[in-house]
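Could you have a look at this structure, given as structure tokens, before my questions?
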Amino acid sequence: MPRVKLISDQEVFVIVRRLIATSGDKAATFGAVSRATGLAGATLVQRFGTQDGMVRAALMSAWDDLDTQTALAEAKADLTPKGAQALLKSLTQATDAGGAPSLLAADFRDPALRARAGQWRDRVELALALRLGGGPRGQELAAIVFSAWQGQLLWTMVGGKGFRLKDVIKRLT
């Protein structure tokens, strides 16, 4: 009979992501997670196999959460340029809550996580294209707006000057 988990994998993943967001992916060691959760290192090894496996599982879980938030944002956003703006505003709030921008650096070194990031980007660009007129022009505008939005998220994390996405969308449409 399997033992009951006192701390769920999801709770462990929140801690792993917090460690990555504050100190980088190398900070999410079995020892650090063990100290933060109270779980024995052997328990973490039994659950996740390796440190890389634990980090990958935590980041995949973050992508699952972001996919859910993306679906909610898509459902709420009108099929207009203002809807594109609303979509990105909702996603910015979702990524701020989960620390997603700081997790992306770890993602790109892992092929499975890099593919997951690419799938999410494609999904968001398609949602933007639908709100920016569709067709080839809508797709091109969506790629530009997505890149501007991601750049803004990245550089505001380090104190860069932000800009208003609504102004970018207005100029492009």
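Asp25 fails exactly one of the following numbered conditions: (1) open to solvent by less than 20 Å² (accessible area, probe 1.4 Å); (2) touching a residue at least 60 places away in the same chain (Cβ under 8 Å). What is the number of that condition?
Looking at each condition in turn, Asp25 falls short on (1).
Please work out if Ala36 is closer than 16 Å to Ala94 by Cβ, in contact with a helix residue (DSSP H, G or I) (Cβ under 7 Å, 6 or more places away or on another chain) and among the small types (Gly, Ala, Ser).
Numbers: closer than 16 Å to Ala94 by Cβ: no; in contact with a helix residue (DSSP H, G or I) (Cβ under 7 Å, 6 or more places away or on another chain): yes; among the small types (Gly, Ala, Ser): yes.
Criteria not met by Ala36.
Given the conditions (1) closer than 13 Å to Gln10 by Cβ; (2) under 18 Å from the mean Cα position of the chain (by Cα), report the number of the one that Ala28 does not fulfil.
(1)
May I ask you to verify whether Val4 is modelled with pLDDT of 90 or more and either over 18 Å from the mean Cα position of the chain (by Cα) or β-branched (Val, Ile, Thr) (or both)?
no
Here's the yes/no breakdown for (1) modelled with pLDDT of 90 or more; (2) aromatic (Phe, Trp, Tyr); (3) in a loop (DSSP other than H, G, I, E, B); (4) more than 14 Å from the chain's Cα centre (by Cα):
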residue: Val33; (1), (2), (3), (4): yes, no, no, yes
residue: Gln46; (1), (2), (3), (4): no, no, no, yes
residue: Asp52; (1), (2), (3), (4): no, no, no, yes
residue: Ala57; (1), (2), (3), (4): yes, no, no, no
residue: Asp64; (1), (2), (3), (4): no, no, no, no
residue: Ala84; (1), (2), (3), (4): yes, no, no, yes
residue: Leu87; (1), (2), (3), (4): yes, no, no, yes
residue: Thr92; (1), (2), (3), (4): no, no, no, no
residue: Asp96; (1), (2), (3), (4): no, no, no, no
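Since Arg47 meets every condition but one in (1) over 18 Å from Leu126 (Cα atoms); (2) crowded, with 18+ Cβ neighbours inside 10 Å; (3) not small (Gly, Ala, Ser), which condition does it not meet?
(2)
List the pairs whose first member sits in region 109-124 and is under 15 Å from Gly53 (Cβ atoms), whose second member is among the aliphatic types (A, V, I, L, M), and whose Cβ atoms are under 6 Å apart, counting only residues at least 6 apart or on separate chains?
Leu113/Leu59
Please pick out the residue among Gly162, Gly135 that is modelled with pLDDT under 90, in contact with a helix residue (DSSP H, G or I) (Cβ under 9 Å, 6 or more places away or on another chain) and either over 25 Å from Ser61 (Cβ atoms) or open to solvent by 70 Å² or more (accessible area, probe 1.4 Å) (or both).
On the way: Gly135 fails: modelled with pLDDT under 90.
Of the residues listed, the single one that is modelled with pLDDT under 90, in contact with a helix residue (DSSP H, G or I) (Cβ under 9 Å, 6 or more places away or on another chain) and either over 25 Å from Ser61 (Cβ atoms) or open to solvent by 70 Å² or more (accessible area, probe 1.4 Å) (or both) is Gly162.
What residue, of Leu59, Leu79, Leu72, is surrounded by 15 or more Cβ atoms within 10 Å (Cβ to Cβ) and within 30 Å of Arg131 (Cα to Cα)?
After applying the criteria, what remains is Leu59.
The values are calculated or read from the model by the stated rules, or taken from the named source; none is laboratory data. No experiment lies behind these values; they were computed from the predicted model shown. With ideal geometry, Cβ positions are generated from the backbone for all residues, glycine too; neighbour counts draw on all protein chains shown. Surface accessibility is based on the protein's heavy atoms, side chains included, excluding ligands, DNA and RNA. Shrake-Rupley method; radii C 1.70, N 1.55, O 1.52, S 1.80 Å.
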